[in-house]
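Right, one structure below, let's go through it.
The values are calculated or read from the model by the stated rules, or taken from the named source; none is laboratory data. It should be emphasised that the depicted structure is a prediction, and the values quoted were computed from it without experimental measurement. Cβ: placed from backbone, ideal geometry, glycine included. Neighbour counts: every protein chain shown. Only protein heavy atoms, including side chains, enter the accessible area calculation; ligands, DNA and RNA are left aside. Shrake-Rupley method; radii C 1.70, N 1.55, O 1.52, S 1.80 Å.
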Amino acid sequence: MTAATLAGFIGSALVGLGLYGLITDPQPIRKILGFNLIGSGVFLLFGIVARKGAAAGFAADPVPQAMVITGIVVAFSASALAIALVLRLYEVAGPVSLRSEHTSNKAEK
Amino acid sequence: MNALGLVLLIATPATPLVMLALCGSQARRDFLSSCLWIAPLPALGAALMTIGGQSSAFAAPAIGYTLFIDKVAGVLLLVVAILWIGAGLAAARREARDVRFSVCWMLTMAGSFGVFVAADLLTFYLLYALVSIPAFGLIMRNGDAASKRAAGVYMAFTILGEAFLLAAFALLAAGEPNGSLQIHDVIAALPGSPWRDGALALIIASFGLKIALVPMHGWMPLTYTAAPLPAAAALSGAAVKAGVIGLIRFLPFDTALPDWGEALAAVGFISAFYGVAVGITQHNLKTVLAYSSISQMGVIAAVMGMGLASAIPGTALDSAVYAAHHVLVKGALFLSIGVAAVASQKYRPLVMWLSAIMALSLAGLPMTGGWLAKLVVKAPLGDGIAGTLADLSAAATTLLMLHFLMLLARMAQQSPQTKTQVAIDASWLALAISSVVVPWLLYPVVVGGLGEALTASAIFKSLWPVLFGAALAYGLRPWDHRLLSVPEGDIINLMEAAFRASLRLGETFERLDLRLRQWPAATISLGIIALLLAAAARASR
Amino acid sequence: MNAAPIASASTAGGSLLWLAIILPVVGILASLLSGGRHAERIALLLMPTGFGIAIAIAIFLWRSGQPLVYVIGGFNPPLGIALRADGFSAVMLVTTALIVAAAGFYARAIFATPPGITEARAPLTFWILLQAIWASLNLVFLGGDLFNLYVAIELLTFAAVPLVCLDSRAETISAALRYLLFALCGSVFYLLGVALLYGAYGTLDIVLLSDRVSSEPVVWVAAGLMTAGLLAKTALFPLHLWLPPAHANAPAACSAVLSALVVKGSFFLIVRLWFGVLPNVPHEAVSFILAALGSAAILFGSVLALQQERLKLLIAYSTVAQIGYLFLMFPLVQGPNLWVAEAWSGGIMQTLSHAFAKAAMFLAAGLIAESLGHDRIRDLRGIGAVMPMTLFAFGLGGLSLMGLPPSGGFLAKWLLLKASIEAGRPIWGAVMLSGGLLAAGYLYRVLAPALSSDILHLKAPPRRSREAVALALALTAIALGFAPKAFFDFLQIGRVAVAGGSS
Amino acid sequence: MSILQILDIGLAGLVLAVAAWTVFARDAFAAVVGFVAYGLLLSLVWVRLFAVDVALTEAAIGSGVTGVLLIGAAGRLRKLEASGGDDELPGASLRLFAAALCIFVTLVLAGVVLSLPDPGPTLAPEAARHLAETGLGNPITAVLLSYRSFDTMLEKVVLVLAVVGVWSLAADQYWGGAAGNPRGAEPDGTRALLAQVLPPLGILIGIHMVWVGADEPGGAFQGGAILAAMWMITMMAGLTEMPSIRSRLLRLVLVAGPAVFVAVGVAGVAFASGVFAYPTGFAKPLILFIEAFMTLSIAVTLPVLVAGPPKRLRQQ
């Protein structure tokens, strides 16, 4: 089993794990963790794609690697925005989870 | 085709719209009320030219809107335009103070003229929507609970009819191999179309709804009862004819379709008798006239059905002439109610006599316009069972009209003595007189000489249904107050109840929605949809 | 199969494509840097320019009849990135420019920096993010590379989310958070598919991919993931959890842009995916699922719109329903059949007319809410008499939603209905018709009382210019109903013939 | 089975175990700590994939800066959580169903990933062929700043939007203020010492990373992240503080990266073959020029995002 194949397994498993966390974890911050786990799993898949594309003297295809770097920065920005929202929500409304619908359909201004 | 004809053709539906646009600003509100009776003039002109032998067509290929006018449309357009002028004069004084009313009036009028001259499916659909939907504002005019209810019911039926019609048109268009949307082309292709039956069913359903064939008739009594008199006159006389021209245009009369034709005729006759049966239990004059409209429209449907069943030539024109008679008479009769209510002692006999002539004209009393109309549809109806049923329906109509006249007389006697309102008087008088005269002017031009119809035996033949109906009315007099009291709109009450019950479904949906919008449910759905789509991509090979 | 020649070199007018993206990007940076009132000025200054660029792109496209292409940096795909514009992109560019400008003009009254303050939070955020939505949508419509498009949808999400909670109420922040998290789920699914496609074919360029892909497991999985991810961002039923609270509670100008445009961005990419990247992969069953979900959306969204007691929630649920219509085009746009062009035009027409109509309705609802201090439907009796222009705009928008003529909504429905019959799948046509009936129902709930003669008192009358903006958008939705044949020819430019059933 | 393979499998097991910890841990704070460890382990996996640039980025941003962000948030949330909340897990059957779904997704993905061709299609030869034009030695930097520079520029705009989005969550009265603790609020000996020793070193490393990034692993992202970390350390120690969000300088630095990028890109129309193209022979210096500004922007953007919206009015 090559490192790339193994990374493929890890990547797939991370997506599954992250998805589970995203679905079941009631706290928003844990959902953000779940999202990051899925994200890193996806990046790993890019990684093995890059590794399988080793050619022309490069140990890995540089294009997917560059995409991962871009992706990591985007994922960080997303986490930062999400965290800021969570913290602001706690400030304004106290502890809340996304599980319960925060506003009912009939809520009036 | 000449330039004048073309201009008049375009102006027919466009004038009300252009005038409305010109009246956009508040300052010209007064002008708007006079527009109500000025706007129909181009339509009148176009109709007269067409009846005089001139037919016109217009196409704006860039946006795909096309118009044309032929004799069939001309006949109807002529009387419809006269009615809009008369009703417009009647409305101009009182109702037109309300801007919303005037706007709706003008829009309905534009649509009412437009459906007669639309040449392609999309133009027809647009103008049909125009004659149907803004009428909501006319019915709502009084603003009380009854008119709100009536307007709501009307809207529900109208929108349903629009949906049926859109489906029908899509089927028609799909059945035309060359992609033409001209009514002429799609109807020529209809008998051979794979979607023929679906298209015919939907055409009959949507236009049948408009002319209130049983069991889609419930909205009509509600609507006419709730609307102000001029509006009721315009709607019952003119707007309803959108359904008639629809059936005329979209039924393929050149091909014999016995099944469809006989089915339509059956529904027509059922409506004709049902309208009378329920009508004689009513005590509101407007409601009685509404049920009479259901009955009359049923007769027209029967005529078209018989024509369709055996591809009788001339059915379209015959039905148009029959319908044309109903336009003016029904419109004028609605206005009679208002006139009789305020007529002074001096005028009351005039009002009653004219109303009686018009009412019995509907029943086909010899030498009236209705008699001519019934002569015209003799050909499609034939002498068989349909002919007999038609005669019986004339008798039934006599019964209903006598009921109406009795109620009218009673109301006129009971009403307090006030001065007459001149505006109503004049427009009503003009309308009433034209309802008597116009058929006589129209008949020789459109149909031809009267010849054998004027023999004594022929006249007697048309007289017996009226006599029979009168005898029936006399016989039924003792039961006048013991007849079942049917609520106006009869089965509409059941429909409303069913509709309200169906609204409870919404709460179920709401609960389900709340569940689906829980976070875990939504994310699981996301995963499942992804897998499902992948599986579907696999299965699509 | 692939009728359109593969263009990988920049064409005449190609430079307009990058300009359409860079211009608002420059606006974003300049607005943040100069801050305060300058942000508003910069945004309002750039909007006409951007509109001009969009029109210029359309003109070039119309003249050449071929998609416009621009290769960035001179590196041809697959190594580099290309921008491409076809008929669909061009009309979306113009629509976006118009609606963004309308929302901006409308919002000047609310998001003006108050006098005496050099800079305020909500205005600065609004003006920057409005430009950001514009930039990212332009990129979505023009991007020719799937990873570049990933960046585009992320930009779009980042621009849209904070707009939801500009007023800092707990419910809007909660709505924004849901929106962000769910949209992020969607993007990560999309990115997963992108990784798989690159692994299988070594390129992410749409045109190159369309030549290389074949129907095999990796494509099925990638397509499933990407489509689902984009559906999450489009809020197609049952993935609509975030839409009603977000769209109903955001400031009206933001709701208008979100409902009219932002959800269309991801929808556009689903169309790109199936008709641009995967035209040679049969997808009847996929189309069936999409159309079935769309039908469920129409039914659910409409019935729930009927249940709402607040006007803006009603409009938001109506968006859920109207999104459903967009997906009815999928089963009809396959194979070399005659009706394909009709269904394609119908689908695009629905996208455009809903954008204009919905934007108009949200802006009108915003005016009503501002003038009354609430948007409870049962207390709107008589609003027609006091705010006739606003209600007229709302009603015209509703006319288009119901699919009544003359309106873009009618034309869209007509084309799709006809195509559904010709394709022998009248079921989708029936769904459309019943959706129209339900739409009439929920709009009647608003319009009938609004038109009643009750007396209503306004807290403050609306500003004429803002009413005019809503009306102009509504009139555009109506004007689409008069679209000439040439317009539909234009929509076909660059459409790729799609494999699939000939039934 | 070689030692390396055993190590690989061990590493894989560890990564998955720590990932599972972050999902299943009872306490959110513990989960977040687990996530930071997970990020570091993941960078080892990246090294094993011969993706050193990615490994550096993952360590610096994916684990490092994200870790600081999450730990800070989890800490604050823990303080607030005492007041209660409805954080109950969904029902067991739903969790079971979710687990089954996730396992299925994993299996499908694994199956598909294994079916990918090996050696797979690649753009490496293409990238190598054009490398000379750019004058760079590191192909990843070439992809990021030349072949697909458009993506990178837009991603910088994503960062700017994230800043705007985070700031937009400020309370209105603090607009114009600053985030974080004021200077000297928390005097702490060890931290202060660390904050004085580390930064000069870190700045050197950061700049070096950008400089060598042209030819070797490293680049603006990694260098910028290290510089950001240095600034954050000095802030935590109370030696420096967040400037006001209205500071012209702060904003200038925030937009400098993307602005210079756009400017050079658009200049390509006049001086090179097109937008985002570099004039022949000037590619490398221009790329380094852009990277310098990008590094600066990243070094400031990351701490600004970590610090969150302004929460106090800055004392002038």
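Quick notes on this structure:
- Near-label residues of the range A:27-57 by backbone N, under 17 Å of a point 7 Å along Cα→Cβ of residue D:107: none
- Anchor residue B:148: lysines whose Cα lies under 18 Å away (excluding residues fewer than 8 positions away in-chain): B:286
- For the range C:324-444, the Kirkwood hydrodynamic radius comes to 15.2 Å, computed from all pairs of different C-alpha atoms.
- Equivalent-ellipsoid semi-axes for the protein assembly as shown (Cα gyration tensor, √(5λ), whole Å, largest first): 70, 31, 27.
- Chain pair B, C: total accessible area buried, heavy atoms, 1.4 Å probe, Å²: 4900 Å²
- Of the listed residues B:254, D:8, the order by accessible area with a 1.4 Å probe, largest first, is B:254, D:8.
- Distance violations [Cα-Cα > 24 Å] among C:233/D:156; C:312/C:418; B:210/B:374; C:264/C:413; B:71/B:241: C:312/C:418
- Proximal lysines to residue B:346, defined as alpha-carbon separation beneath 16 angstrom and excluding residues fewer than eight positions away on the same chain: B:419
- Most to least packed among B:184-190, B:232-238 [average Cβ atoms within 10 Å]: B:232-238, B:184-190
- Charge context of residue B:387, other residues only, Cβ under 13 angstrom, K/R +1, D/E -1: +1
- Within the protein assembly as shown, helix-based [θ] at 222 nm, where runs of 4 or more DSSP H residues each add -39,500 (n - 2.57), nearest 500: -24000 deg cm²/dmol
- Shape box of the range B:1-202 [Cα atoms, principal axes, largest first, Å]: 52, 44, 29
- Whole-Hz couplings from phi, Karplus 6.51/-1.76/1.60, listed for the range D:109-117; x for Gly and Pro: 4, 4, x, 5, 4, 5, 7, 4, x
- Each Lys and Arg adds +1 at its Cβ and each Asp and Glu adds -1 at its Cβ; summed about the Cα centre, chain C shows a dipole of about 840 debye.
- What chain C shows is 23 Å² of accessible area per residue, with the surface traced by a 1.4 Å probe over protein heavy atoms.
- Around residue B:366: net Lys/Arg minus Asp/Glu count, Cβ-Cβ under 10 Å: +2
- Dipole magnitude of the range B:1-202, debye to nearest 20 (Cβ charges: Lys/Arg +1, Asp/Glu -1, about Cα centre): 740 debye
- Across all C-alpha atoms in chain B, the radius of gyration and Dmax reach 24.4, 88 Å.
- Each label was represented as a point 7 Å from its Cα along the Cα-to-Cβ direction; for residue B:508 and residue B:99 these points are 4.6 nm apart.
- Interface area, chains D and C: about 4500 Å² of buried accessible surface, summed, with a 1.4 Å probe and ligands, DNA and RNA left out.
- Carbon/sulfur fraction of accessible area - chain C, other protein chains in place, 1.4 Å, %: 67 percent
- Cβ-Cβ distance of residue C:76 and residue D:14, R₀ of 60 Å, FRET efficiency by 1/(1 + (r/R0)^6): the value works out to about 0.90.
- Using a 1.4 Å probe over protein heavy atoms, the accessible area lost on pairing A with D, summed over both chains, comes to approximately 7300 Å².
- Size of the range B:253-476 from its Cα atoms: along the principal axes, largest to smallest, the extents are 57, 37, 30 Å.
- Calculated from backbone phi, Karplus (6.51, -1.76, 1.60) coupling profile of the range C:41-52 in Hz, x at Gly/Pro: 4, 4, 4, 5, 6, 6, 4, x, 4, x, 4, x
- In the context of the full set of protein chains, residues of the range B:1-202 present 35 Å² of accessible surface per residue (probe radius 1.4 Å, heavy atoms only).
- Amide H partners (placed H, <5 Å) of residue B:314, local residues excluded: none
- Shown here: the range D:123-316, whose C-alpha atoms stretch 55, 36, 25 Å along the first, second and third principal axes, sorted largest to smallest.
- Restricting the trypsin sites (Lys or Arg not before Pro) of the range B:435-533 to loop positions (DSSP other than H, G, I, E, B) with no more than 13 neighbouring Cβ atoms within 10 Å leaves B:482, B:504.
- Chain B: angle of helix B:519-539 to the longest principal axis, Cα-based, in degrees nearest 10: 80 degrees
- Relative to the globular-protein estimate of 2.2 N^0.38 Å, the Cα radius of gyration of the range C:392-495 stands at 1.34.
- For the peptide C:155-167, the mean number of other protein chain Cβ atoms found within 10 angstrom of a residue's Cβ is 5.
- R0 of 22 Å, Cβ-Cβ distance residue C:457-residue B:145: FRET efficiency to nearest 0.05: 0.40
- Around residue B:292: net Lys/Arg minus Asp/Glu count, Cβ-Cβ under 11 Å: +2
- Gyration tensor (alpha-carbon) shape descriptor, the range B:435-496, a/c threshold 1.5: oblate
- Summarising the amide proton neighbourhood of residue B:118: residues at separation of 5 or more, or on other chains, whose placed amide H is nearer than 5 Å comprise B:68.
- Gap separating the Cα centres of the range D:108-139 and the range B:73-128, nearest whole Å: 71 Å
- Set of lysines with alpha-carbon distance to residue A:52 below 19 Å, sequence-local pairs under 8 removed: none
- Two-site FRET efficiency, residue B:255 against residue B:409, from Cβ-Cβ distance with R₀ of 45 Å, rounded to 0.05: 0.40
- Loop chymotrypsin sites (Phe, Trp or Tyr not before Pro), the range B:330-380, which have at most 16 other Cβ atoms in a 10 Å radius of their Cβ (DSSP): B:347
- Per residue, the range D:234-316 exposes an accessible area of 40 Å² to a 1.4 Å probe, with every protein chain left in place.
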